[in-house]
Amino acid sequence: MLSENEIKIVEYLKSRPNKSATAEEISDSLGIPLSSIYSLSQLLKEKGYVRLEEKKLTKYELTDEGKLRLQRGMPEDVLIKTLNGQSRKISELKELMGNELEIALGWARRKNLIKIEKDSVIPLVKDYQSPEVDLLRDPSKINDNNYKQLLARKLISVKQETALILSLAREDITVVKPITYITTDIIKNHEWEKAPIKEYNVEAEPPFYPLAKKHFFKEFLEKLRDVMINLGFTEVKGNYVELEFYNFDLLFQAQDHPAREIHDSFMIEGKGEVKDLELMNRVKEMHKKGWKYEWEPNIALRLVLRSQTTAVTSRVLSSRPRPPIRTFTIGKVFRPDSIDATHLIEFHQLDGLVVENGFAFRDLLGVLKEIFYQIGIKEIKFKPAYFPFTEPSVEVYGKIEGLGWVEMSGAGLLRPEILEAVGIDSDAGAWGIGIDRLAMLLFGLKDIRLLYANNVDFLRNFRG
Ligand SMILES: N[C@@H](Cc1ccccc1)C(=O)O
C-alpha cells in the first residue's frame, strides 16, 4: 500500500524517459520538500518500488568575479572593444581602463588578439568575445574539459555534491484506502479486515492557532479603571470637543493663560453654549475678582479639543452634585506638539475628584499613594507645584526600577474660588495622571508610539 505522496513519486518516475530522477528534481517538480522525498524514497525502496543510487555530481557556481565578468565581459574583451580596430598608446588605454589594462594585455597577447609595438597596442581582430563569457552565461555547458581555465581565472567555484537517484523497480501501483475513522458499519461488514487502519501519528505538530487577546495598552487602561473602581470611585465620561469654559474658565485658568494660546490647544471652529447663565456669571465674577481683568464670554464659548481630562471634572462640578463625591475619568486629551519617541499629540489622562467634608491635603496624598501602589508603583514622593485650579498643589513623582524618579501626576485641593462659583460648600481634592508615559516606562518601551502599535507580530510576541 502506498501513500498519496509515494504514489505521486512512482507516477513521476513512470513519466520520465529513463524512468529515473534525482531527489532534487522530484522535489522541484512535485513541490514536496526535499527532506520528505528522502524519507519517502527509503519507504519506496523497502516496498520494492524503487532502487536508490548515490552519485557524485560536480557543481559549478559563478563567483562574484564570475558574475561581474558575465555582465561586463572579460578584460581582454573590454580591451578589443576599446581599441575598436585602431592602434592606441598604452598610456591612453591606461587612462581608459585603469588597473584592468595589465590583465587585459596579458590575456589578449596570449590569445593572439593584439600585438605590442613600442608603446602602442595594435589589434589583430576587430571584435572579440571570450568563450569564457559564453560558459558563464550557461553554466550547464561547463564540464570536466573546460572548467580549469574558469577556475584558474577565479570565475567559478567547484563543489562536489552527492545526488540521490531514484529509478523505478516496479510499475504496478496498488492503492488501498486506509481506514482513518472506525464506524459500526466498518466493524459489522468486516471491512477492517481488508484495509489497514491508519496509525495515529502522535508526534505530528498540531496547527498553531494564536488566541485573540486584547491590546496591551487597552488592558492597562482597563486595569487603571479597575483600580479606581475598587477604591470606591465612580467613572464619568466627557467629550473630546469641549468648550473652553469647561476646559479652562471654570477651572480658574485666566483667558490670557499661555495654555490657551492657539498653538497650545487644538482649536475647533464654531461656538458652544452654556445653558446655566447663573454659573457663567459666577465664573465671570471669579475671574474679575481673582485675576482682575474683563472676562470675555465669547472666549469661554470657543471650542477646543480638550487639553486635560480635568475638563470632565469641571463638568462634574458644574452639575453641582451633592457631596460626598468620588469620581474619575480616563480618556484622551489633545495637545499640539511634534511627535517623537516621547511625545504624542493625543494621549491619555486619568483625572480624579473627591468632594467630602473635612477632606484634607493629607487625605489627598493618601489617596494618590494608594492609587499608585495599586498600579505597581510602591514608592512616591511629592513636590510643591502650581496649577491654576488647586492650592496647595503638588507634583507626584514615582520610582521606577532602573530609571529613578519620574513625574507622574499633578494634584491639589480645589481652590475655594471654584467651589464657590459652582456652589459646593465642602472640601475637595483633584488630580490628573499622565497615563501614556507611565505605561511606556512600566512596559519598558523605548518609544511611546509603540503603545499604539498595530503590528500583529509585535503584539503577539509582546509580553506586557
Ligand atoms: N490637568 C493637569 C493635572 C492636574 C489635574 C487636577 C489637579 C491638579 C493638576 C495637567 O494636565 O497637567
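The values are calculated or read from the model by the stated rules, or taken from the named source; none is laboratory data. From a predicted model like this one, the values you see are computed outputs, not experimental measurements. Ideal geometry is used to build each Cβ from the backbone, glycine not excepted, and the neighbour counts take in all protein chains shown. Protein only, heavy atoms only, side chains kept; ligands, DNA and RNA dropped before computing areas. Shrake-Rupley method; radii C 1.70, N 1.55, O 1.52, S 1.80 Å.
Among the listed residues Phe372, Phe443, which satisfies the condition of being under 20 Å from Gln349 (Cα atoms), more than 16 Å from the ligand (Cβ to nearest atom), open to solvent by less than 50 Å² (accessible area, probe 1.4 Å) and in contact with a Gly (Cβ under 7 Å, 6 or more places away or on another chain)? Just one listed residue meets the conditions, Phe443.
Against the conditions (1) more than 16 Å from the ligand (Cβ to nearest atom); (2) among the acidic types (Asp, Glu); (3) within 14 Å of Asn247 (Cβ to Cβ), Asp264 satisfies every one except (1).
Exactly one residue out of Lys275, Lys237 is without any contact (Cβ under 8 Å) to a residue 60 or more places away in the chain, open to solvent by 60 Å² or more (accessible area, probe 1.4 Å), of a type in the set (Lys, Arg) and assigned to a loop (DSSP other than H, G, I, E, B), and it is Lys275. Look at the range 344-355: where a residue is under 16 Å from Leu419 (Cα atoms) and a partner is more than 11 Å from the ligand (Cβ to nearest atom) and of a type in the set (Gly, Ala, Ser), sitting 6+ places away or on another chain with Cβ atoms under 8 Å, you get Val355/Ser426. Filtering the range 330-369 to residues that are assigned to a loop (DSSP other than H, G, I, E, B), open to solvent by 30 Å² or more (accessible area, probe 1.4 Å) and either within 28 Å of His263 (Cα to Cα) or of a type in the set (Val, Ile, Thr) (or both) leaves Arg335, Pro336, Asp337, Ser338, Ile339, Ala341, Thr342, Ile345. Inclusion of Ser338 among residues that are more than 12 Å from the ligand (Cβ to nearest atom), without any contact (Cβ under 8 Å) to a residue 24 or more places away in the chain and under 23 Å from the mean Cα position of the chain (by Cα) is warranted.
Among the criteria (1) open to solvent by less than 70 Å² (accessible area, probe 1.4 Å); (2) part of a helix (DSSP H, G or I); (3) among the aromatic types (Phe, Trp, Tyr), the one Tyr60 does not fulfil is (2). Taking residues in the range 383-397 that are surrounded by fewer than 15 Cβ atoms within 10 Å (Cβ to Cβ), and partners anywhere that are of a type in the set (Val, Ile, Thr), the pairs with Cβ atoms closer than 7 Å and at least 6 places apart or on different chains are Lys383/Val394; Pro384/Val394. Of all residues assigned to the range 288-303, none qualifies as being under 30 Å from Arg437 (Cα atoms) and either open to solvent by less than 20 Å² (accessible area, probe 1.4 Å) or within 16 Å of the ligand (Cβ to nearest atom) (or both). Output the residues belonging to the range 420-440 that are closer than 19 Å to Val394 by Cα, open to solvent by less than 50 Å² (accessible area, probe 1.4 Å) and away from the ligand (no atom under 12 Å from the Cβ). Result: Leu438, single match.
Residues that are among the charged types (D, E, K, R), assigned to a loop (DSSP other than H, G, I, E, B) and over 18 Å from Val176 (Cα atoms) within the range 186-203 comprise just one, Glu203. Count of the range 128-141 residues, restricted to those that are over 46 Å from the mean Cα position of the chain (by Cα) and either within 24 Å of Leu93 (Cβ to Cβ) or part of a loop (DSSP other than H, G, I, E, B) (or both), is 5.
Of the residues making up the range 278-287, those that are open to solvent by 50 Å² or more (accessible area, probe 1.4 Å) and free of Cβ contacts under 8 Å to residues at least 40 places away in the same chain are Glu278, Asn281, Lys284. Within the range 318-325, can one find any residue that is surrounded by 15 or more Cβ atoms within 10 Å (Cβ to Cβ) and either under 40 Å from the mean Cα position of the chain (by Cα) or within 13 Å of the ligand (Cβ to nearest atom) (or both)? Looking for residues that are surrounded by 15 or more Cβ atoms within 10 Å (Cβ to Cβ) and either under 40 Å from the mean Cα position of the chain (by Cα) or within 13 Å of the ligand (Cβ to nearest atom) (or both), one finds none in the range 318-325, hence no.
Among residues of the range 104-127 that are farther than 15 Å from Glu92 by Cα and open to solvent by 80 Å² or more (accessible area, probe 1.4 Å), none has a Cβ under 9 angstrom from a residue that is of a type in the set (Asp, Glu) and part of a strand (DSSP E or B) at a sequence gap of 6+ or on a separate chain.
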